[in-house]
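The values are calculated or read from the model by the stated rules, or taken from the named source; none is laboratory data. Note that the structure is a prediction, hence the values are computed from the model and not measured. Virtual Cβ from ideal backbone geometry, glycine too; neighbours counted across all protein chains shown. Just so you know, the surface numbers come from the protein's heavy atoms only, side chains and all, with ligands and any DNA or RNA stripped out. Shrake-Rupley method; radii C 1.70, N 1.55, O 1.52, S 1.80 Å.
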Amino acid sequence: MAWAIPDIPNLFSKPVRSKWNRISVWLAGLGLLYLLITPSVWLLWSGSSDSVLFWLLLLLSPLLIWFGTWLTFFIWTMNREMSLKAWEQEKIKIRQRWIDWAQKTIAVVGSDLLLPDDIDVEGILTGRGKVLMGSASVFERNDELPDSLSEIYTAFWAESLPLFKQAKKSTIYIEESSETDFLEWQNRLRSIAEQSGVLQQAEMAFVQVSSGLGLIADWMENGISEGVHVIFSAALNDDADSPDITENMSWTAFASHDWAKKHTLPVKMLMQRPTSFNLSDKEGALSALSQFVDYGLKGRTVKTLWPAGMEEGKAGKLSGYMGKVKLELSHEDNNIAMHLPEKYIGNVPPNMPLLVLALSSENINYQDKQLLAWQAGEDEVCLTYVYMDNPSPSPIA
């Protein structure tokens, strides 16, 4: 959902210097008091003109009234200015607290992806890959094995095992809507971990989730628990001879900053608190994007946008809204402003957002400040900022 950041009210208006608050006006007022009070005192107490009190009253009473009025006005003005200054300072503190809230991050400590041999990852990142729109690519099967893909996911998953050993404690979230498919993947991955000896050196738990990226908002809101949290996703065809989607596997590992530091885990990039909005609600979308710019980015640049699995029309509408709130992409000439991986991947798999997350992690050394957008519903879009904390980018040749 969109960030519920309230507008900070102006409780005190900035004082405007009045044309009446000038020394000439105050002196004129003092003269007027003498013109009004002196005759009255003289008429009432002229019989006591030989008294010192009479002359003090005659000469000083207008001055005392004038000074009391000026002092009251001065104190009121100073209190008003002090209240305004105190509130302006408080507004800065309130705004900074919301900025800290909006810019809360979790660390991405590892990621990897696997695509069929005819898809080149570097070609996707550079925009120079083979165009595969309208087609579906599949992994090569080894039909001599009981599980024709066992060699592929064994080699792929083995890449992550050193991270689990180093982290000591891991939770593997497998994105699957089917419990049967989840159990199959759990058994496969657990078997690989057992064979490698990881389970003897580290804790490992498996959890089924329907939306891997849906975990991000919960971690931001409630905190991420100890250990490494890996979101694993795979998209395979039921019939490789008549494929409907492009097959792939990906995993991305998250951890809190403290846990990553404690276990000296390498931080690939940081992922910021996501916002969300409905593309069909133009006013709401522009408001959410304005807050994202003001609080989430706060002057920081963005080099590229990944609209993960979004329809072309919706990606274009998002880009148009971004332009209206001055959310511009400051990409280099030899890099891409908006990545459209579908062009080089082919028929969009259902796990496209997680695949694009892994792609953005691969791209972080080339474009160290990226936006990742994905659909969370028919018109509901989530948007987050991923970046490298201490970048040393080297442009893609």
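Between Arg141 and Asp118, the modelled labels are 1.6 nm apart [label points 7 Å from Cα along Cα→Cβ].
In debye, nearest 20, what is the charge dipole magnitude of the range 110-175 about its Cα centre with +1 on Lys and Arg Cβ and -1 on Asp and Glu Cβ, if you could check?
On the way: 6 positive and 12 negative charges, 97 e Å.
Dipole size: approximately 460 debye.
Would you mind calculating the gained length between Ala86 and Glu194 on full extension (0.36 nm times residue separation, minus the Cα-Cα distance), in nm to one decimal? Don't skip to the end; give the middle numbers.
Numbers: separation 108, 0.36 × 108 = 38.88 nm, distance 6.17 nm.
Between Ala86 and Glu194, full extension yields an extra 32.7 nm.
Normalised by the number of residues in the chain, the mean separation of alpha-carbon contacts (under 8 Å, six or more apart) gives a relative contact order of 20 percent.
In debye to the nearest 20, how big a dipole does the chain give about its Cα centre with +1 on each Lys and Arg Cβ and -1 on each Asp and Glu Cβ? Before the final figure, lay out the partial values.
Values: 33 positive and 48 negative charges, 732 e Å.
That gives the chain a dipole magnitude of about 3520 debye.
Considering only Arg273, Arg300, Arg22, the mean-square fluctuation computed in a Gaussian network model of the chain, springs between alpha carbons under 10 angstrom, is largest for Arg22. Among Val381, Val207, Val109, the largest mean-square fluctuation in a Gaussian network model of the chain (Cα springs under 10 Å) belongs to Val207. Per residue, the accessible area of the range 293-357 comes to 42 Å² when a 1.4 Å probe rolls over the protein heavy atoms.
Just the number, please: carbon plus sulfur as a percent of the accessible area of the chain, 1.4 Å probe, no ligands or DNA/RNA counted. Walk me through the numbers before you get to the answer.
Working: 11410 of 20810 Å².
After summing per-atom areas, the C and S share lands at 55 percent.
In deg cm²/dmol and to the nearest 500, what is the mean residue ellipticity at 222 nm of the chain if only DSSP H runs of at least 4 residues count, each as -39500 (n - 2.57), divided by the residue total?
-13500 deg cm²/dmol
Of the complete DSSP H runs in the chain, those spanning 15 angstrom or more by Cα along the long axis with a mean Kyte-Doolittle score not below 0.5 are 23-45, 352-363.
Full extension of the segment from Phe67 to Glu283, taken as 0.36 nm per residue of separation minus the current Cα-Cα distance, would add 72.2 nm.
Within the set (i) 52, 50, 42; (ii) 75, 54, 41; (iii) 131, 46, 38, the number that Cα extents along the principal axes in Å takes when calculated for this structure is listed as (iii).
Of Asn79, Cys382, Val293, which is farthest along the charge dipole of the chain in the positive direction, counting Lys and Arg as +1 and Asp and Glu as -1 at C-beta? Looking along the dipole axis, the top candidate is Asn79.
Can you classify the range 229-311 as rounded, prolate or oblate using the Cα gyration tensor, where a ≥ b ≥ c are the square roots of its eigenvalues, rounded means a/c under 1.5, and otherwise it's prolate if a/b beats b/c and oblate if not?
Working: a/c = 2.88, a/b = 1.17, b/c = 2.46.
The shape class here is oblate.
Summing Cβ point charges (Lys, Arg +1; Asp, Glu -1) relative to the Cα centre of the range 195-290 gives a dipole of roughly 640 debye.
The residues of the range 131-273 expose, per residue, 48 Å² of accessible area to a 1.4 Å probe.
Order of 31-37, 382-388 by packing, highest average Cβ count within 10 Å first? Working shown, then result.
Working: 31-37: 13.6, 382-388: 21.6.
The peptides rank, most packed first, as 382-388, 31-37.
Within the listed set Ala155, Ala358, Ala235, the Gaussian network model of the chain (springs between alpha-carbon atoms below 10 Å) gives the highest mean-square fluctuation for Ala155.
Using Cα-Cα distances under 8 Å and only pairs 6 or more residues apart, what relative contact order does the range 209-335 have, in percent? Walk me through the numbers on the way to the answer.
Details: 96 pairs, mean separation 23.4, N = 127.
Rounded, it is 18 percent for the range 209-335.
Set the Förster radius R0 to 30 Å, insert the Cβ-Cβ distance between Glu380 and Glu226 as r into 1/(1 + (r/R0)^6), and round the FRET efficiency to 0.05. It comes out at approximately 0.45.
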